[in-house]
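Have a look at the structure below before the remarks.
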Amino acid sequence: MSSSNLPILDFKSATLYAVRLVLQSADTTALLPALQQRLEEAGDFFDGEPVVIDALALSAAPEWKTLARELTARNMPLVGVAAPDALHSGIRKAGLAVVSLPATRETVTSAGSIHRDAAPNGNATPEPARPAAVVPDMSAPAVAKNVPAAAAQFVAQAGLADEAPATAVTAPDEGQRATLILDRSLRSGQKVYARGADLIVVGAVSPGAEVIADGNIHVYGPLLGKAMAGARGDENARIFTTQLDAELVAVAGVYRVVDTQLPANVLKRPAAVRLHDGALHIEPLAV
């Protein structure tokens, strides 16, 4: 077929992972300063991240347009709003999309109700792509060769797959997770996500780099960037590293921005991060 007969656009399925902003109140005058405080605590962590507003707990509507403007002004593109059926009409009148969210267990974070969670396609939800990221086309070969699609999916900076090859170990038995192994360090701006899998990085995670896994994360090298384990709500997931000096760590949506120096027994030393009673605990590892 000649190139002149090829379509100049097409629709294909994609999966977008977005920040989920969970509203517990419809009082916009209270929501705006709370949002400002949470984002100031997080530094630039959410800069450029797509966001889904989760208003499923509300029976009344906040000022949707005001919230949308505030998020856009803070460089957080709004994908849409998940809300009870009674609020759908008002959401659409505000020019926003109604989206559906998967059934996940609520996690109350120690730093507020901002969760990093799945925001998959739902009810013809539009998905604006994040300019800096490459979302793999599921109809094309996997971004990282030899990685089964069911085991892991990469959301990576352009060029990461070529320069940082990954390997999936043997397929797990039923009830077990696969493991994704990355045999290279990650530079600033690079991201990798192990979907439905544990993630092992044999190398450094540089400042500005980001590793995400639905299971555990192991970094055999300096962890200087961001690490998020249990991305789909697994509260038993953990982060392990041989040298901890991270910008941010998170387990099951509970995150800690490391804006002060860590204790001497874990700073730049082998350490583990786990969730206990709703709070993150950082503990030294004996090696």
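Taking (1) closer than 20 Å to V22 by Cβ; (2) buried (at least 19 other Cβ atoms within 10 Å of the Cβ) in turn, L248 satisfies each apart from (2).
Scan the stretch 217-247 for residues that are within 15 Å of S185 (Cβ to Cβ) and either among the basic types (K, R) or in a loop (DSSP other than H, G, I, E, B) (or both) and the total you get is 5. So which residues in the stretch 199-210 are open to solvent by less than 10 Å² (accessible area, probe 1.4 Å) and out of contact with any Lys or Arg (no Cβ under 7 Å at 6 or more places or on another chain)? Those that are open to solvent by less than 10 Å² (accessible area, probe 1.4 Å) and out of contact with any Lys or Arg (no Cβ under 7 Å at 6 or more places or on another chain): L199, V201, V205. Take the residues of the stretch 204-242 that are among the basic types (K, R) and modelled with pLDDT under 95: which is nearest to A252 (Cα to Cα)? Across the stretch 204-242, the extreme among qualifying residues is R232.
I'd like the residue in the stretch 258-279 that is touching a residue at least 60 places away in the same chain (Cβ under 8 Å) and in a loop (DSSP other than H, G, I, E, B) and, out of all such residues, is nearest to G203 (Cα to Cα). Among those that are touching a residue at least 60 places away in the same chain (Cβ under 8 Å) and in a loop (DSSP other than H, G, I, E, B), it is D259. If you filter the stretch 1-33 down to residues that are in a helix (DSSP H, G or I) and either touching a Lys or Arg at 6+ places or on another chain (Cβ under 7 Å) or at pLDDT 80 or above (or both), you find that the one that is most open to solvent (accessible area, probe 1.4 Å) is T29.
When the stretch 41-61 is examined, which residues are found to be modelled with pLDDT of 80 or more and over 18 Å from L78 (Cα atoms)? Within the stretch 41-61, A57, L58, S59, A60 qualify. Report yes if L67 is part of a helix (DSSP H, G or I), open to solvent by less than 10 Å² (accessible area, probe 1.4 Å) and more than 30 Å from Q190 (Cβ to Cβ), otherwise no. For L67, the condition - part of a helix (DSSP H, G or I), open to solvent by less than 10 Å² (accessible area, probe 1.4 Å) and more than 30 Å from Q190 (Cβ to Cβ) - is met.
Of all the listed residues (G189, G175), the sole one being modelled with pLDDT under 90, within 23 Å of A252 (Cβ to Cβ) and in a loop (DSSP other than H, G, I, E, B) is G175. Against the test of being at pLDDT 90 or above, of a type in the set (A, V, I, L, M) and at negative phi, the options L180, L248 yield a single qualifying residue, L180.
Within the stretch 70-118, can you find the residues that are among the hydrophobic types (A, V, I, L, M, F, W, C), open to solvent by 50 Å² or more (accessible area, probe 1.4 Å) and modelled with pLDDT under 90?
A103, V108, listed by residue number.
The values are calculated or read from the model by the stated rules, or taken from the named source; none is laboratory data. These numbers were taken from a predicted model, which means no experiment stands behind them. No Cβ is skipped: glycine too gets one built from the backbone with ideal geometry, and neighbour counts run over all protein chains shown. For accessibility, only protein heavy atoms count, side chains too; no ligands or nucleic acids. Shrake-Rupley method; radii C 1.70, N 1.55, O 1.52, S 1.80 Å.
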